[in-house]
Amino acid sequence: MPDVSTLNVMLHGTRIATLTNVGGDRTIFAFTEDYIRNRQRPVLGLRFKDALGELITEFAPTQTSLIPWFSNLLPEGPLRKYLAERARVNQKREFFLLWALGKDLPGAVTIEPAEGEAWPPSAHDGHDEPFENASANALRFSLAGVQLKFSALEDARGGLAIPARGMGGDWIVKLPSREHDGVPENEFSMMTLARKVGIDVPAIQLVDLNAIANLPEATTPSPETRLLVVEALSEVSRVLDGLHPRVREIFLLSQFDGLTYATIAKAQGVSVSFVQKSMSKAFMHCYQAVYAE
């Protein structure tokens, strides 16, 4: 009989869905009945809504990888390889990688094993030391993307340090790249320019590598000595939660999914003029939420 393991998908601390590995690296995603019945449900992601704005509740099983929305929560490239090795997980087996890293994810979502679930012996194939024995060395966070980066906390001296377990940081430390010169400097310059022309960007610093405490030695990726640190955007969710659901959805489709107004109008069954008015309302709401006394 195959091993069956279940992970709870938590949104703002409430269980709304499950990811179930039914053996053979086959995974099934399903929303809970309470979440489906709740007409005032919080939004997990716009990709879980159909063209009419209704919740999608049927999903095809996936093999090895998770459905794209959860797969996109995981890191890529060198960061993925590094975190997987620290957790003694095969980086291609996304269910178990998310199990290892899911306690500190971008946004309001966390992943935790269902009650009574234990790390299955089959999860650490290719590694002599299982995850549970290696947990002291595992970093339990996930930051999507290819660039090597870590979650960091501000210490008592005003400096930054990588937490021992990698969780709970309020800054993102982005390291230099071996393949491309000047990546931190370039991103710092672009974000500084964006601020000067009036775009609201998070706090940023360009600092020396030796200014970050507890940075794992094995991750120093290049001879460059400076890296970029960016304040985590923890207030974004709070600001957007105050929007009318339809306006919020249109705003996210435009600003985060990169869809044109015409495409949004077609998907939502509204006019382009309606989308434009909704975007104006959203921008005004965000301005007032950020700058109100």
Just grab the label-to-label distance for residue 203 and residue 81, each label 7 Å out from Cα along the Cβ direction, in nm (one decimal). 3.5
If you stretched the chain out fully between residue 263 and residue 33, how much longer would it get, using 0.36 nm times the residue separation minus the C-alpha to C-alpha distance? 79.7 nm
Simple spin-label model, 7 Å along Cα-to-Cβ: residue 63 to residue 186 in nm? 3.7
Among the listed pairs 196/281; 196/277; 174/277; 49/281; 92/266; 49/81, which have their C-alpha atoms separated by more than 29 angstrom in this model? 174/277; 92/266; 49/81
For residue 27, what is the net charge nearby, where nearby means another residue's Cβ is under 10 Å from its Cβ and Lys, Arg count +1, Asp, Glu -1? 0
Nitroxide proxy distance, nm - points 7 Å out along Cα→Cβ at residue 40 and residue 118: 4.2
Please list, in order along the stretch 117-123, the HN-Hα scalar couplings obtained from phi with the Karplus expression 6.51 cos²θ - 1.76 cosθ + 1.60 (θ = phi - 60°), rounded to whole Hz, x for Gly and Pro. 6, 10, 4, x, x, 6, 6
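Between residue 194 and residue 246, how high is the FRET efficiency from 1/(1 + (r/R0)^6) when r is the Cβ-Cβ distance and R₀ = 35 Å? Nearest 0.05.
Details: r = 29 Å, r/R0 = 0.82.
It comes out at approximately 0.75.
Where a number appears in this text, it was derived from the coordinates with a stated rule and is not lab data. Every value quoted in this text rests on a predicted model; they were computed, and no experiment measured them. Neighbour counts run over all protein chains shown; Cβ positions are idealised from the backbone, glycine included.
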